[in-house]
Amino acid sequence: MTYPGWLDLNAVWFVLVGVLFTGYALLDGFDLGVGALHLFTRQDEHRRIMLNAIGPVWDGNEVWLVTGGGALFAAFPNVYATVFSGFYLPFILLLFALIFRAVAIEFRSKQPMRWWRQIWDVGFAAGSLLSSFLIGVAMGNIAWGVPIDERGEFAGSFLGLLHPYALLLGVTTVALFMMHGSIYVVMKTDGDLQQLVRTWINRTIIFFIICYAVTTMATLLYVPHMAARVRAQPWLFSVAVVNMLAIANIPREIHHGRDFRAFLSSGLAMIALMTLFGLEMFPHLVLSNPDAAHSLTIYNAASSPKTLGIMLTIALIGAPVVLAYTVSIYWIFRGKVKLDRMSY
Amino acid sequence: MDVLLLSRIQFAFTIAFHYIYPPLSIGLGVCLVIMEGLWLKTGNPLYHQLARFWTRIFALTFAMGVATGIVMEFEFGTNWATYSRFVGDVFGSALAAEGIFAFFLESGFLAILLFGWDKVGRRLHYFATWMVCLGAHFSAVWIVVANSWQQTPAGFRIEETPNGPRAVITDFWAMVFNPSSMDRLSHVLCGAWQAGAFLVISVSAFYLLRRRHEAFAKASMKVGLAVALVAAVLQLLTGHSSALGVMRNQPAKMAAFEGHYETGDMPVYAFGWVDEERQVVTGLRVPSPILRWMLGDQAHLQGLNEVAPADRPRVNTTFQLYHLMVGLGLMLLALALVGCVLCWRGRLFARRGLLWAMVFSVLGPQIANQAGWFAAEMGRQPWIVYGLLRTREGLSAVVKAEAVLTSLILFTLVYLLLLAVFLYILNDKITHGPDEADLTPGGKLAGHGRAEA
């Protein structure tokens, strides 16, 4: 399949990689949020219901990260190579966090002993919290910029990645996923657990809004290049407005008991945030800070046009199918969670 | 220790650990399709019980495969960044295809397979079982294609970039159907079917020896034996075809497999030991008439002495691994054959000695798969991409030995813990055995089954 010359395949793949990571945040975001909230209830039955609320879907949700990583490797190998080798230890930690999250879900309910379940409960919660946090830290570093040398290699250090702005984004991501996850649990439960989680939602919303406000201020004050694009193209401001309206709409919908619409608002807020982030970064993928000339862009870090074209064909064939059965699976497993013999 | 050695150890360790699980998922997937198919066809609830029990085992191996698989994708970037820059353009399409066609398929339908028994009709459930099985096979397709390209690169050109040279795709289909990909894919899949089938055989034999769940175990054994026999016979063909392919495409690798130093007719050993100093092999040679029949006019092979010493793989190690794989493969074939014949004649279930051998047979495909992969990958050395990029040139430029040592220690600790827990739960599930309640399907699945069966 050949694509017309006016189609900027590099930009297309910038968008597609963004879509994959946004999909990951939307979907695995609530899984990680549920994990982060897991220890807030002590009742075994509550914990099991929460686990089973994400049980059939978390694995498919994690595939968005795997495919996003694969697409990054394929479309922008230089970014993949520089970032993954540069963020070596944080990414290894992220792997362990994701591993513990995954196996804890599988192992926890296989044995009835109290100590056994407690261990995997902690593994599940810690794995989810650490994953969310590290994903946020990585985003923070991409937004802030990292030192890149003239060969395109990472020139910083491990501790250099843990600067306050990156840590702030880590905490904000945890807050965002906790809010997203608590809304998801309310949709999937009823009875006393649902009442309990309703009290958490308000707290997670407050927690997130505080983090969001601090992050926004910090970005405007300390990361001027992120705001510069908006100043240059004022229409982008509308995306920021959508984002704020979506966030403001969440407590309103919760107040009226329209949980699904609150969940959609939370999702819309994430999409708007990622869109804003993408638009502010474009065409950069990794900003070099301090020496901006070494930045990795969608042009100097990309695979050949032929590969980008082949992959677009693969994506165009695959995407409708993937979307169709993802939607069907959420449809089949719709409704409140009921524990049965096959449950975790 | 240096970064190269540590990174190689870490990759070998994490991939070897990961590779315990996907073959089990692929092989069990095939068994599940057969078991559930038999249930749909006959309505016999025994087959429903079979499918339910093995689905639970499948879920466990699948979860381990997913948890350890994401590590592999990350490690290309974390430890082998220069290699990633070099192969990204070529590998990319295969990896993207794997994500879109395989991983989404598997993980999506897995939800129905595991949790959908009472939520969907039996036809849709069976469809989901098929899709999970297919997805598992697709993921093998793409990753083996990518690995085969490293062994026998095709459909590319080399391009200079500011970050160093890289391979750029010129012909997608030539890359996918590179000279070794189909041989190696079929070989890998047969090995995976055996891994799943012999797990089924092993557990069934264990129940029969203990005189527990006998009806279940007999039915299970038959499915396992059938898959094992088909896979083991096909494995003979794919193995032979792969070996001829290696002789054509990677002569230095085959020369190492057989300790062949001087150019000429290649000897083939049943087993042996290579003295690398004196360049002699002591061992049992396959008689030359058989060899001529096997290799035909391909017997003439370039010896290791025509390869620069720096470009040779380790000889004795790859020799041993390769022969271990072949030997185990033949033993598994014999076991499957004897098992099938005795089962056909109705005499298998009284042969306690053979049943004990079957209990331990689960290790056979696991060891053979690992040995085969180690031989294939060590035989490719010193190249990471055969003839194009050396392994030491593929390392990440910025990652220090201390960082790799830290991660290697962590991987070792965590993986040992995971292995222990996996075996503990697997053992627990096997001891617990099939669920009697599964003999009466509930929910949407009930109603169609014949009660008397």
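The values are calculated or read from the model by the stated rules, or taken from the named source; none is laboratory data. A quick note: this is a predicted structure, and the numbers were derived from the prediction, not measured. Neighbour counts run over all protein chains shown; Cβ positions are idealised from the backbone, glycine included. With ligands, DNA and RNA removed, areas are computed over all heavy atoms of the protein, side chains included. Shrake-Rupley method; radii C 1.70, N 1.55, O 1.52, S 1.80 Å.
What the table below lists for this structure:
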{"item": "Rh (Kirkwood; distinct C-alpha pairs) - the stretch B:138-281, Å", "result": "18.5"}
{"item": "Straight-distance crosslink candidates among aspartates and glutamates, where the alpha carbon sits under 17 Å from B:LYS222 and sequence neighbours closer than 8 are dropped", "result": "B:GLU36, B:GLU214"}
{"item": "Whole-number D in µm²/s for the stretch A:165-209 (Stokes-Einstein; Kirkwood sum over Cα pairs; 4 °C, 1.567 mPa s)", "result": "120"}
{"item": "Solvent-accessible surface ranking, highest first, for B:ASP171, A:ASP192 at 1.4 angstrom", "result": "A:ASP192, B:ASP171"}
{"item": "Cα lying deepest toward the dipole's positive end in the stretch A:190-340, options A:VAL286, A:VAL214, A:HIS256, charges on Cβ", "result": "A:HIS256"}
{"item": "Proximal lysines to B:LYS218, defined as alpha-carbon separation beneath 28 angstrom and excluding residues fewer than eight positions away on the same chain", "result": "A:LYS110, B:LYS41, B:LYS429, B:LYS444"}
{"item": "Quotient of C-alpha Rg and 2.2 N^0.38 Å, computed over the stretch B:185-399", "result": "1.19"}
{"item": "Kirkwood Rh, Cα atoms: Rg over Rh of the protein assembly as shown", "result": "0.98"}
{"item": "Debye log10 I(q)/I(0) at q = 0.28 Å⁻¹ for the stretch A:247-300, Cα point scatterers", "result": "-0.98"}
{"item": "Degrees between helix A:164-188 axis and first principal axis of chain A (Cα, 0 to 90, nearest 10)", "result": "40"}
{"item": "Nearest-ten-degree value, helix B:401-432 long axis tilted from longest Cα axis of chain B", "result": "20"}
{"item": "Most to least accessible of B:ASP275, A:ASP259 (protein chains only, probe 1.4 Å)", "result": "B:ASP275, A:ASP259"}
{"item": "Chain A: equivalent-ellipsoid semi-axes (sqrt of 5 x gyration tensor eigenvalues, Cα, Å)", "result": "34, 22, 21"}
{"item": "Binned Cα-Cα distances of chain B, short to long, each 10 Å bin given as a whole percent", "result": "4, 19, 28, 25, 16, 7, 1, 0"}
{"item": "Computed [θ] at 222 nm, helices only, for chain B once each DSSP H run of length n ≥ 4 contributes -39500 (n - 2.57)", "result": "-23500 deg cm²/dmol"}
{"item": "Probe 1.4 Å, all protein chains present, accessible-area order of B:THR14, B:THR82, largest first", "result": "B:THR82, B:THR14"}
{"item": "B:TRP383 long-range amide H proximity, modeled H, under 5 Å", "result": "B:THR391"}
{"item": "Degrees separating the helix A:77-86 axis from the principal Cα axis of chain A, which is the longest one", "result": "60"}
{"item": "Per-residue SASA entry for B:LEU301, accessible area with 1.4 Å probe, Å² rounded to 10", "result": "10"}
{"item": "Residue-level accessible surface for A:LEU167, protein heavy atoms, 1.4 Å, Å²", "result": "60"}
{"item": "With all protein chains modelled, accessible area of A:ARG101 [1.4 Å, Å²]", "result": "0"}
{"item": "Solvent-accessible area buried by B and A, counting both chains, probe 1.4 angstrom, square angstrom", "result": "6300"}
{"item": "Fluctuation leader among A:ALA138, A:ALA293, A:ALA126 - chain A, Gaussian network, Cα springs under 10 angstrom", "result": "A:ALA293"}
